[in-house]
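Undergrad: Can you read through this structure? Questions will come right after.
The values are calculated or read from the model by the stated rules, or taken from the named source; none is laboratory data. Everything quoted here is computed from the prediction, not taken from an experiment. Heads up, the Cβs are rebuilt from the backbone with ideal geometry, glycines too, and the neighbour counts pull from every protein chain shown.
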């Protein structure tokens, strides 16, 4: 199967997961929000931990079953800087690729559109700078 | 409480299906993610459009998901929908997205794929996730400053 068809299938599954969560619990599947509130919010979080457990278990299950064990490609120092930026940025920016990029855009939210355009543009510039520094 | 167990099972299932989508769609491969963000490679044919297909598929289904639930009265296992309501465009929204985009480009991981890779990604993914959680804690602290 062509990689783009796999990606389309993956997208449809992500949409199905979003459907399950909103139809079942009435919540958006925004992963940064689920993770941040599960760990650092006094609110009732049983369902958040259950979702995260499914995400972690499912990730391993499907990666092994379909031989999709992809390695990280950044050096450790860069991974730490990137992780801090992603964690801090998604909390103050109210979401990430799932919350803004899927749920927010699907709900035609202007906040999400502005977020997606901003993080995609900055992501593209960042990769361009990385490539330039690596001399590619 | 039977309903609480059902709620946890539904949330777990959603996470499981979400992970299947991320893995099969290629989102847990940082090289593919950077390949998509590498728009400078469009002209030379080096660009990897995979992520656009992931987003397209996800948006197609979730658009109808939110439309259909908007027409229904309440979720199966909760008294009401708790969907985001804010509509204001403020500075933290944009600054946060800029920081997130920079981190996403540097590592090739956003929160979902990083967590879905946690059990097989070794020390590298564990470091990223630990730093991400630290960043979240810092931001929560900064938000609740007096």
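Undergrad: Looking for something facing another protein chain (nearest Cβ under 7 Å), within 21 Å of residue A:117 (Cβ to Cβ), at pLDDT 95 or above and part of a helix (DSSP H, G or I) - is there at least one such residue anywhere in the range B:126-137?
TA: Checked against the condition, which is being facing another protein chain (nearest Cβ under 7 Å), within 21 Å of residue A:117 (Cβ to Cβ), at pLDDT 95 or above and part of a helix (DSSP H, G or I), the range B:126-137 yields no hits at all.
Undergrad: Select from the range B:111-120 the residues that are within 16 Å of residue A:73 (Cβ to Cβ), without any contact (Cβ under 8 Å) to a residue 40 or more places away in the chain and either within 7 Å of another protein chain (Cβ to nearest Cβ) or surrounded by fewer than 23 Cβ atoms within 10 Å (Cβ to Cβ) (or both) and list them in ascending order. If you could, list the steps in order and put the result at the bottom.
TA: Filtering the range B:111-120 down to residues within 16 Å of residue A:73 (Cβ to Cβ) leaves B:113-114, B:117, B:120.
Next, only the ones that are without any contact (Cβ under 8 Å) to a residue 40 or more places away in the chain stay: B:114, B:120.
Once the filter is applied, which keeps residues that are within 16 Å of residue A:73 (Cβ to Cβ), without any contact (Cβ under 8 Å) to a residue 40 or more places away in the chain and either within 7 Å of another protein chain (Cβ to nearest Cβ) or surrounded by fewer than 23 Cβ atoms within 10 Å (Cβ to Cβ) (or both), the range B:111-120 yields only B:120.
Undergrad: Here's something else I'd like to know. Based on this model, can you work out whether residue A:128 counts as buried (at least 21 other Cβ atoms within 10 Å of the Cβ), facing another protein chain (nearest Cβ under 7 Å), without any contact (Cβ under 8 Å) to a residue 60 or more places away in the chain and farther than 24 Å from residue B:58 by Cα?
TA: Numbers: buried (at least 21 other Cβ atoms within 10 Å of the Cβ): no; facing another protein chain (nearest Cβ under 7 Å): yes; without any contact (Cβ under 8 Å) to a residue 60 or more places away in the chain: yes; farther than 24 Å from residue B:58 by Cα: yes.
Spelling it out, it is not the case that residue A:128 is buried (at least 21 other Cβ atoms within 10 Å of the Cβ), facing another protein chain (nearest Cβ under 7 Å), without any contact (Cβ under 8 Å) to a residue 60 or more places away in the chain and farther than 24 Å from residue B:58 by Cα.
Undergrad: If you go through the range B:88-110 one residue at a time, how many are part of a helix (DSSP H, G or I) and at the interface with chain A (Cβ under 7 Å from one of its Cβ atoms)?
TA: Taking the range B:88-110 first, the residues part of a helix (DSSP H, G or I) are B:91-107.
Imposing the further condition that a residue be at the interface with chain A (Cβ under 7 Å from one of its Cβ atoms) reduces the set to B:92-107.
Of the residues in that region, 16 qualify.
Undergrad: Could you list, in sequence order, all residues of the range A:28-52 that are within 7 Å of chain B (Cβ to nearest Cβ), buried (at least 17 other Cβ atoms within 10 Å of the Cβ) and within 19 Å of residue B:6 (Cα to Cα)?
TA: Within the range A:28-52, A:28, A:29, A:47, A:50, A:51, A:52 meet the criteria.
Undergrad: Please report, ordered by residue number, the helices (runs of 4 or more DSSP H) entirely within the range B:1-87 with at least 3 residues that are more than 25 Å from residue A:125 (Cα to Cα).
TA: Helices (runs of 4 or more DSSP H) meeting the threshold: B:2-25, B:50-71.
Undergrad: Another question, if that's okay. Which one is surrounded by the most Cβ atoms within 10 Å (Cβ to Cβ) among residues in the range A:87-103 that are within 7 Å of chain B (Cβ to nearest Cβ) and within 19 Å of residue B:19 (Cα to Cα)? Lay out the reasoning, then the answer.
TA: We begin by selecting, within the range A:87-103, every residue within 7 Å of chain B (Cβ to nearest Cβ); these are A:87-94, A:96-98, A:101-103.
Within this subset, residues satisfying the condition of being within 19 Å of residue B:19 (Cα to Cα) are A:96-98, A:101-103.
Values: A:96: 30, A:97: 30, A:98: 29, A:101: 26, A:102: 35, A:103: 27.
Looking at residues that are within 7 Å of chain B (Cβ to nearest Cβ) and within 19 Å of residue B:19 (Cα to Cα), I get A:102.
Undergrad: When the residues of the range B:37-81 are filtered to those that are within 14 Å of residue A:107 (Cα to Cα) and more than 7 Å from chain A (Cβ to nearest Cβ), which remaining residue is farthest from the chain's Cα centre (by Cα)?
TA: Across the range B:37-81, the extreme among qualifying residues is B:71.
Undergrad: Within the range B:71-81, can you find the residues that are at pLDDT below 90 and more than 11 Å from residue A:23 (Cβ to Cβ)? Let's see the steps before the verdict.
TA: If we filter the range B:71-81 for residues that are at pLDDT below 90, which is where we start, we get B:71-73.
Result: B:71, B:73.
Undergrad: Given the criterion at the interface with chain B (Cβ under 7 Å from one of its Cβ atoms), in contact with a helix residue (DSSP H, G or I) (Cβ under 6 Å, 6 or more places away or on another chain) and surrounded by fewer than 24 Cβ atoms within 10 Å (Cβ to Cβ), identify the matching residue among A:84, A:79, A:55, A:21. Talk me through it step by step, then tell me what you get.
TA: Values: A:79 fails: surrounded by fewer than 24 Cβ atoms within 10 Å (Cβ to Cβ); A:55 fails: surrounded by fewer than 24 Cβ atoms within 10 Å (Cβ to Cβ); A:21 fails: surrounded by fewer than 24 Cβ atoms within 10 Å (Cβ to Cβ).
That would be A:84, the only listed residue that is at the interface with chain B (Cβ under 7 Å from one of its Cβ atoms), in contact with a helix residue (DSSP H, G or I) (Cβ under 6 Å, 6 or more places away or on another chain) and surrounded by fewer than 24 Cβ atoms within 10 Å (Cβ to Cβ).
Undergrad: Follow-up question, since we're still on this one. Please find, among A:48, A:111, A:68, A:43, the residue that is more than 16 Å from the chain's Cα centre (by Cα) and in contact (Cβ under 8 Å) with a residue 12 or more places away in the chain. Lay out the reasoning, then the answer.
TA: Working: A:48 fails: more than 16 Å from the chain's Cα centre (by Cα); A:68 fails: in contact (Cβ under 8 Å) with a residue 12 or more places away in the chain; A:43 fails: in contact (Cβ under 8 Å) with a residue 12 or more places away in the chain.
On inspection, the qualifying residue turns out to be A:111.
Undergrad: Continuing with the same structure: Sort through A:83, A:101, A:54, A:123 and tell me the only one that's at pLDDT 95 or above, over 26 Å from residue B:35 (Cβ atoms) and assigned to a helix (DSSP H, G or I). Spell out how you get there, then give the answer.
TA: Numbers: A:83 fails: over 26 Å from residue B:35 (Cβ atoms); A:101 fails: over 26 Å from residue B:35 (Cβ atoms); A:123 fails: over 26 Å from residue B:35 (Cβ atoms).
Unique residue meeting the criteria: A:54.
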